[in-house]
Amino acid sequence: MAVGTSMAPYADLRSIPMDVAPYRLSGAVYGAMLNHRSALAVLGDQVGKPPYNAAPKAPVLQIKPRNTFALSGDIIAVPQGVDELEVAANLGLVIGRTACRVTREDALDHVAGYLIVVDVSVPYAGHHRPQIRCKARDGFCPLGPRVTARALAPDPGALRIRTRIDGVLAQAADTAALIRPAAELLAAVTEFMTLRPGDVLAMGAAAPAPRARPGQTVVVEIDGLGALSNRFLGTGS
Amino acid sequence: MKRAKVAYAGAIHEATPHGGGAVRLADGRVVREDALVWLPPFEVGTVIALGLNYAEHAKELALNSQQEPLVFLKGPGTLLGHRGQTRRPRDVSFMHYECELAVVIGRTAANVSRSDALSHVAGYCIANDYAIRDYLENWYRPNLRVKSRDGATALGPWFVDAADVADPNALDLRTFVNGRQTQAGNTSQMIFGVSQLIEYLSAFMTLSAGDVLLTGTPQGVANVAAGDEVACEIEGLGRLVNTIVGDDAFGI
């Protein structure tokens, strides 16, 4: 895949091709955190200790705001003073119908399709606070490369997500290991937060996330959904 | 100038104060303010909220104030206008309002210095940023189930031009529940003031027109019940009214 030279931010999500007419991405991108078994496993017995004191009960969610959006081919800026960035590859659900207090049984009927969402972060210690300074930086949420219609996509519960850095496999994760698979996650999220057509809900990434250094190119690929490619560059370069 | 966005007689209008409990629509019609549906008064982009930004409020929650601003984000579905309804689930024990100064960005802000920060502000409004403390968990706290619930962030009634607010760091805030005052403070008590927040945020994320900073709440949060009327006032910005409703209205 070609690597472009444009620098995020302000990727226009309308330029992501949609196999699913007439939906457009709304610009609301939510992400489930700690929803992959490996993400809790790496924390080990810290989960029950301060400051957390217990495993999460409700879905742990983040928001990736509009300044973070980037497309495949965009360059991701590594901030000055930072050696490497975490690259957390997610399966993203694209909502097709207003979803408010949906049941597990009919949850997937509210999904229009799928895309890849890459949650980029400055490495940070601890999950107690929202970490906006590390996670909401310009260009820190590449997504795409297109929306694949649900009917055309493989089973979302049996996908392999591969992250390659400069062509070398850095992580392979399975959506089968999600703690709350798509239907359960949608039911739990829409209990308090209505999702609307075009909203994106990233399902959660495996841990530990691979890290990319300036000059490296990260390609995230999900079976049947395509691949996202982004080059990471230092802000001085 | 104060401007509102209202729905009336089949369309969405810009409205200005008219006096006597009425507003004037841009097309000249004068309408009683309770005959309108009030929407958030500007096109809202990213909603950036501050926690524990008043020292007395932090103490009230038995928390230490931060060395760095405690920032969290809220989704678009949580927004409401003036005279809106906010749901209180029947199984919760502590749901509270938070009267906050909302700062609306007017032009792109990246790496803005404190001294230049206010030139990036288009205007201000009142925010009521509800929280349900029962749902707090210690993961990415405050979590979205507490803070980004449907219809739990009221904005309005007016968008007030920045030029009409001499000093955003010297405004009285008050909240009334069913007419009884429960919360009082002044934006001068913020730990991180408006200019400092814009400098801090724009150092790592580009702010755009329509992005809004909810700058935190002073001490005096109190539990509210279905049927309560909550009114948040900020000096020069108006009075933002909200009503708490129970699950029954939502068929729950």
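What follows is calculated from the coordinates using simple rules that are stated; it is not laboratory data. Small disclaimer: the values here were computed from a predicted structure and weren't measured. Here the Cβ is made from the backbone with ideal geometry for all residues, glycine too, and neighbour counts use every protein chain on show.
Scanning residues 5 or more positions from B:V121 or on other chains, those with amide H under 5 Å from its amide H are B:G106, with H placed 1.01 Å from N in the peptide plane.
How big, in percent, is the set of alpha carbon pairs in chain A lying more than 23 Å apart?
Numbers: 12442 of 27966 pairs.
More than 23 Å apart: 44 percent of the Cα pairs in chain A.
Scanning residues 5 or more positions from B:V37 or on other chains, those with amide H under 5 Å from its amide H are B:A7, with H placed 1.01 Å from N in the peptide plane.
Once you list every other residue whose beta carbon is under 14 Å from the beta carbon of A:H110, what net charge do they have if Lys and Arg are +1 and Asp and Glu are -1? In short, -1. Which percent, to the nearest 5, of DSSP beta bridges fully inside chain B are antiparallel? Antiparallel bridges make up about 85 percent of those DSSP assigns within chain B.
For B:198-211, what's the mean count of beta carbons from other chains sitting within 10 Å of each residue's beta carbon?
Partner-chain Cβ atoms within 10 Å, mean over residues of B:198-211: 4.
For B:R141, the shell of other residues with beta-carbons less than 12 Å away shows a net charge of +3, using +1 for Lys and Arg and -1 for Asp and Glu. The calculated FRET efficiency for the pair B:Q219 and B:A9, based on their C-beta separation and a Förster distance of 30 Å, comes to about 0.10.
Per residue of B:72-81, how many C-beta atoms from partner chains lie within 10 Å of its own C-beta, taken as a mean?
Whole-number average of other-chain Cβ neighbours for B:72-81 is 5.
The alpha-carbon atoms of the protein assembly as shown define a convex hull whose volume equals 147 cubic angstrom per residue. Annotation: amide H-H contacts under 5 Å for A:M33 (H modelled 1.01 Å from N, sequence separation of 5 or more, or interchain): A:V60, A:L61, A:Q62. If you plug the beta carbon distance of B:A26 and A:A227 into 1/(1 + (r/R0)^6) with R0 = 41 Å, you get a FRET efficiency near 0.25.
Kindly put B:W38, B:W158 in sequence by how many other C-beta atoms sit within 10 Å of each C-beta, fewest to most.
Ranked by crowding around the Cβ, least crowded first: B:W38, B:W158.
When you count the other C-beta atoms within 10 angstrom of each residue and take the mean per peptide, B:232-239, B:178-185 line up highest first as B:232-239, B:178-185. Couplings 3J(HN,Hα) for the range B:229-235, derived from phi with the Karplus relation 6.51 cos²θ - 1.76 cosθ + 1.60 (θ = phi - 60°), are 9, 10, 10, 9, 10, 10, 3 Hz, where x marks Gly and Pro. By the count of other C-beta atoms within 10 Å, a proxy for reagent exposure, A:H36, B:H96 are ordered fewest to most as B:H96, A:H36. Counting only lysines at least 8 places from A:K64 when in the same chain, those with an alpha carbon closer than 29 Å to its own are A:K49, A:K135, B:K5, B:K74, B:K147.
Measuring from centroid to centroid over Cα atoms, what is the spacing of the range A:119-176 and the range B:208-223 in Å? Here the two parts' Cα centres lie 31 Å apart. Counting only the Cα atoms, chain B fills a convex hull of 125 Å³ per residue.
Here's the picture: charge each Lys and Arg Cβ at +1 and each Asp and Glu Cβ at -1 in the protein assembly as shown, and of B:A110, A:L85, B:V30 the one pushed furthest to the positive end of that dipole is A:L85. Across peptide A:97-105, the average count of Cβ atoms from other chains found within 10 Å of a residue's Cβ is 1.
If only the Cβ of Lys and Arg carry +1 and only the Cβ of Asp and Glu carry -1, the dipole of the range A:13-234 around its Cα centre is close to 440 debye. Simple spin-label estimate for B:E60 and A:R162 gives 5.5 nm between the two label positions (7 Å along the Cα-to-Cβ direction from each Cα). Taking other residues whose beta carbon is less than 12 angstrom from the beta carbon of A:R211, and scoring Lys, Arg as +1 and Asp, Glu as -1, yields -2.
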